[in-house]
Amino acid sequence: MPPLKNPRHEQYAVARFKGETTVEAYLAAGYGGKKANAGRKRQNAKTNAHKIENRPDVQARIDELKAAVAQGAIMERQEAEEILTRQARGKLTDYLEANLDGVWHIALNDELPNPEAIKKVTSKTIYNPTGDVGAIITTLELHDQRDAIVALAKMKGWQAPKRIALDLKKHLDEMTDDEIEAFVAAAESDPGGEG
């Protein structure tokens, strides 16, 4: 089954497949609007997410994505984390060895310690003036360790907390306890400050 024709339904199905709740998937798909207050937005999301969740095409797409994982066609999160970890741990010295003359060369064989760390291998043949092979130069490029660590950090949620911008129309000393509690509750229910 190809992706759903309605892009929001597809985003919803993918978010549900990834384990998000119906409300999280609904909001991730771009529903809910930005003008509604946080409480009303969440209540509308609960009601409307239920409608999308029960659509036969959406359910079929979620089931299809789950089946693809079961068949190994889609990488699961743990496998992705393992590959990124191996990329982050890749060292050039893992692929070098010295011959009997003490000359270092790249050793690419069937027993590579960490093949996921290799990004690219290139080979160039240099000929001497007589036309004979003078040298074969092999270049090995590893995945950038920092990029792998950043991608892994995003998957694991290791990023620093996002800054929350607060817009206080009244000074805290002028607010009642109920107003402060309502303000804090609204900020906690919409941590990105989008609602």
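Where a number appears in this text, it was derived from the coordinates with a stated rule and is not lab data. As the structure is a computational prediction, the values presented were derived from the model and not from experiment. Every residue, glycine as well, gets a Cβ built from its backbone with ideal geometry; the counts of neighbours run over all protein chains shown.
Here are a few things to note about the model shown:
- Phi-derived couplings, Karplus 6.51 cos²θ - 1.76 cosθ + 1.60 at θ = phi - 60°, listed residue by residue for segment 2-15: x, x, 5, 5, 7, x, 5, 5, 5, 4, 4, 4, 5, 5 Hz, with x used for Gly and Pro.
- Where labels lie 7 Å past Cα in the beta-carbon direction, separation of Asn109 and Ile74 in nm: 4.0 nm
- ³J(HN,Hα) computed for each position of segment 77-89 - Karplus, 6.51 cos²θ - 1.76 cosθ + 1.60, integer Hz, glycine/proline x: 4, 4, 5, 4, 5, 5, 5, 4, 5, 5, 5, 5, 8
- Linear extension gain, Lys18 paired with Asn128, 0.36 nm per residue minus alpha-carbon span: 33.9 nm
- Other-chain or far-sequence residues with amide H under 5 Å of Lys119's (modelled H): Glu141, Leu142, His143
- Segment 1-122 shape via C-alpha gyration tensor axes, a/c threshold 1.5: prolate
- Amide H within-cut-off set for Ile74, under 5 Å, with H built and near neighbours excluded: Val69
- Computed on segment 75-150, the Cα convex hull volume stands at 123 Å³ per residue.
- Across Lys119/Lys154; Lys18/Lys154; Lys91/Lys154; Lys91/Lys120; Lys18/Lys156; Lys51/Lys154, pairs whose alpha-carbon gap is larger than 24 Å: Lys51/Lys154
- Each residue of segment 48-59 was assigned a 3J(HN,Hα) from its phi angle through the Karplus expression (A = 6.51, B = -1.76, C = 1.60, θ = phi - 60°), giving 6, 4, 4, 5, 5, 4, 8, 5, x, 5, 5, 4 Hz with x at Gly and Pro.
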